[in-house]
1. Looking only at strands (runs of 3 or more DSSP E) that lie completely in the stretch 1-95, which have at least 2 residues being modelled with pLDDT of 90 or more and more than 22 Å from ASN105 (Cα to Cα)?
2. Could you look through the stretch 51-92, keep only residues that are more than 21 Å from VAL3 (Cα to Cα) and more than 13 Å from the chain's Cα centre (by Cα), and pick out the one that is surrounded by the fewest Cβ atoms within 10 Å (Cβ to Cβ)?
3. If I go through the stretch 93-108 residue by residue, how many of them are surrounded by fewer than 11 Cβ atoms within 10 Å (Cβ to Cβ) and either under 19 Å from LEU7 (Cα atoms) or basic (Lys, Arg) (or both)?
Amino acid sequence: MKVTGTLTPLHDRILVSDMEFGEEFTQSGIILKSDNGKAEGIRPRWGKVWAIGPNQTDVQIGDWLLMEHGRWSRAASYENADGTITKIQLVDNDAILLVSDEKPNDIDRRA
C-alpha cells in the first residue's frame, strides 16, 4: 500500500518509521544476518516516532520506542513531498517497553 497526503493518527495512536528487519551491523562492524521470520527473530524492536495523534502525551515525534515483538501493523509506504518513500507502521501503545530521545547504539544499521 502506498499513501500520500497528510497523515494524522487518531486519538493517542502512534505511527513509527525506521523499524529494522534486515541485516544488522554491530558498532564493531560484525554483520548479523536477518532473523525476521525465524524463531530467533522474536524479540522487541526499535522504531522512530513518525507521527502522533492529538491526544498523545507520552511520546514526541522523533523519539525512539522499544516495542514488544509483533505489536505493530504491517508497513505502509508513505511518499514524502520530495518523492522519497518512508515505511510507516502503527504500534500498540500498550506494547511500548522503553522510550529514548536518541537512537539506541545497538541498532547502527548501514544496510
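1. On the way: elements: 14-17, 45-52, 64-67, 76-79, 85-91.
Strands (runs of 3 or more DSSP E) meeting the threshold: 45-52, 76-79, 85-91.
2. Initially, the stretch 51-92 is screened for residues more than 21 Å from VAL3 (Cα to Cα), giving 55-60, 63-71.
Adding the requirement that they be more than 13 Å from the chain's Cα centre (by Cα) leaves 55-60.
Numbers: ASN55: 10, GLN56: 17, THR57: 7, ASP58: 12, VAL59: 19, GLN60: 11.
Checking each candidate, the answer is THR57.
3. Result for the stretch 93-108: 0.
The values are calculated or read from the model by the stated rules, or taken from the named source; none is laboratory data. None of these values were measured; they are calculated from a predicted model. Counting neighbours? That spans all protein chains shown, and the Cβs are built from the backbone with ideal geometry, glycine included.
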